Amino acid sequence: MGDRRRLRRFRLPDSSTGSSADSSTGSPSDSLVAPLSGRASRLLERTPSAPGFWRSPVRGVRFTAVLGLVLLGGITLLFVTGLLSYAAYNPDLNPVNDKTPDKGLLGFYLFDWPTDPHWLYRLTQGLHVTVGIVLVPVLLAKLWSVVPKLFALPPVRSLGHALERLSLLLLVGGALFEFVTGLLNIQLEYLFPGSFYPLHFYGAWVFFAAFLAHAGLRAPQAVRVLRSGALSGNVPGDALASPAPDAPTLSRRGALAMVGAGSLVLLITSAGRSFDGPLRRLALLTPHGAAEPGQGPGGFQINKTAAAVGITSADTGEGWWLTVSGPAGDLRFTREQLLAMDQYSAALPSACVEGWSTSDQRWRGVRLRDLAELAGYPRDPPGVLVESLQRSGAFRRAALRDNQVRDPRSLLALRVNGEDLSPDHGYPARIIVPAAPGVLNTKWVSRLTFGEL
Ligand SMILES: Nc1nc2c(c(=O)[nH]1)N[C@H]1C(S)=C(S)[C@@H](COP(=O)(O)O)O[C@H]1N2
Ligand SMILES: [Mo]
């Protein structure tokens, strides 16, 4: 309907029927002798603002509706798992975990992240990152399917139309921003440590608000047009279908199959870094994907190596000791003394915010709650602030909640898979907590301060 009106406005009388000899097939010399208005009109017809410029017969509201409904489910899952990831970081516990200012209102939903099941963060963050990657072709196809609307003239028809376009700016801009920051963060490994969290977090709320408004308006319509007929047909007055389509080289079903195939390839080449099984070897497209990086007990994935954060053997050798602080004062333990305490084992994964995770590794060391007891908390251990030898970097400190300290599987690990920790996995001692994001599992620990978070 709207398209037809615009068509009439921007086409010459002689070309509006589409049958005139020199309309779209006219030679350049023809257009030179055409009246000015005709030339201007034909020029305009070659710009993306002319509905006839967009020729793909694949476009149409039914095609867009399918992609839109896939995104409705997928992006809702991304939003929920994203909020869970934020909660898992214990952002309210201590500013060392999260300095996002003014999240008060947006953090209304925060809750105590549990320690069960021990693979919880592997699952939620594996889903978040994998679904985000897999949706990229769907998002691009969806944007492609509606791109003629970006150029439609006049740019603003009414106040309502202006508001609608503004909301679409937030929607499209928000989607691109969230996908790009997320992908950069996982591919380039903390491109913006410290600032990624607030950027991705605020961006998510802005984007999801626009997304909800859009879905509220469009989802019922999407369901209706899909019910009203075959995918290949157009609805009456189809606002997205080309008024002058080229001959099809691909059906809509075929185009959707191509998008689906793209998503499937991304799934196969990325999911394996979050989930065990044969897919792990195929996870070629992501850092920390594919086969395990090394051999032997410490051969599983490493985030930052000791060398990368400037930890040398001089720091971790004979001169190292652990300071444990609490009501009992400052206590010092050498590695020998820690190894002489009761040792416990726990089979736990390392699961990073980047989405990759390891299968369960057998960690062995001292229970955090036993260290809390030594620090002066014989019952009901409180939370703990963990500090690393590492001198700089966003992840050299982290705060753990009381429920995490209390869990008997939460360890100050000294060994893994039957051997001393390797330098890269945090020798001489590191934290490992069930269900927690990797960022809370501080490596090269030098100090534990119980209570007073
Ligand atoms: N001191 C210190 N500990 C750290 C980090 C760090 O940068 N510095 N990175 C954390 C992150 S983000 C992850 S995912 C885990 C990874 O542990 P791994 O390298 O043993 O697999 O270590 C955590 N512990
Ligand atoms: Mo991480």
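If packing is taken as the average count of other Cβ atoms within 10 Å, what order do 347-360, 113-126 fall into, highest mean first?
Going by the mean number of other Cβ atoms within 10 Å, highest first, we get 347-360, 113-126.
Based on DSSP H runs of at least 4 residues, each adding -39500 (n - 2.57), what is the mean residue ellipticity at 222 nm of the chain after dividing by all its residues, to the nearest 500 deg cm²/dmol?
-13500 deg cm²/dmol
Net charge around Ser359, counting only other residues with Cβ within less than 10 Å of its Cβ (Lys, Arg = +1; Asp, Glu = -1)?
Around Ser359, the surrounding residues sum to -1.
For segment 279-324 and segment 403-435, compute the distance between their C-alpha centroids and round to whole Å.
Value for the Cα centre distance between the two parts: 13 Å.
Tell me which trypsin sites (Lys or Arg not before Pro) from segment 301-340 have a DSSP coil assignment and no more than 15 other beta carbons within 10 Å of their own.
Those satisfying the criteria are Lys304.
Mind ordering 314-321, 364-371 by average Cβ neighbours within 10 Å, highest first?
Final packing ranking: 364-371, 314-321.
If each of Asn417 and Leu153 carries a label point 7 Å out from its Cα toward its Cβ, how far apart are those two points in nm?
6.5
Quick check: net charge around Phe201, other residues with Cβ under 14 Å of its Cβ, Lys/Arg +1 and Asp/Glu -1?
-2
I want the local charge near Leu385. Using Cβ-Cβ distances under 11 Å, sum +1 for each Lys or Arg and -1 for each Asp or Glu among the other residues.
0
If you only keep lysine pairs separated by 8 or more in sequence, or across chains, how many in the chain come under 30 Å at the Cα atoms?
For the chain, qualifying lysine pairs total 5.
Hey, got the dipole for segment 307-450? About the Cα centre, +1 on K and R Cβ, -1 on D and E Cβ, debye to the nearest 20?
200
Mind giving me the FRET efficiency for Ser195 and Tyr109? R0 is 25 Å, r the Cβ-Cβ distance, nearest 0.05 is fine.
The value I calculate is 0.65.
In whole percent, what relative contact order does the chain give with Cα contacts below 8 Å and a gap of six or more residues?
19
Short version: what are the Cα gyration tensor semi-axes of the chain, square root of 5 times each eigenvalue, largest first, in whole Å?
Largest first, the chain gives 58, 21, 18 Å.
Test of the criteria: in segment 359-453, which GluC sites (Glu not before Pro) are in a DSSP loop and have at most 12 other Cβ atoms within 10 angstrom of their Cβ?
Here the GluC sites (Glu not before Pro) that fit, given the DSSP loop and packing criteria, are Glu452.
How big is the charge dipole of the chain about its Cα centre, in debye rounded to the nearest 20, if each Lys and Arg gets +1 on its Cβ and each Asp and Glu gets -1 on its Cβ?
For the chain, the charge dipole is close to 1980 debye.
Counting only complete DSSP H runs, which helices of the chain cover 27 Å or more along their long axis at the Cα atoms and score a mean Kyte-Doolittle of 1.0 or above?
Length and hydropathy pass: 61-88, 159-187.
Just so you know, all these numbers are worked out from the coordinates, no wet-lab data involved. All of these numbers come straight from a predicted model, not from anything done at the bench. Glycine also receives a Cβ, built like all others from the backbone with ideal geometry; neighbour counts cover every protein chain displayed.
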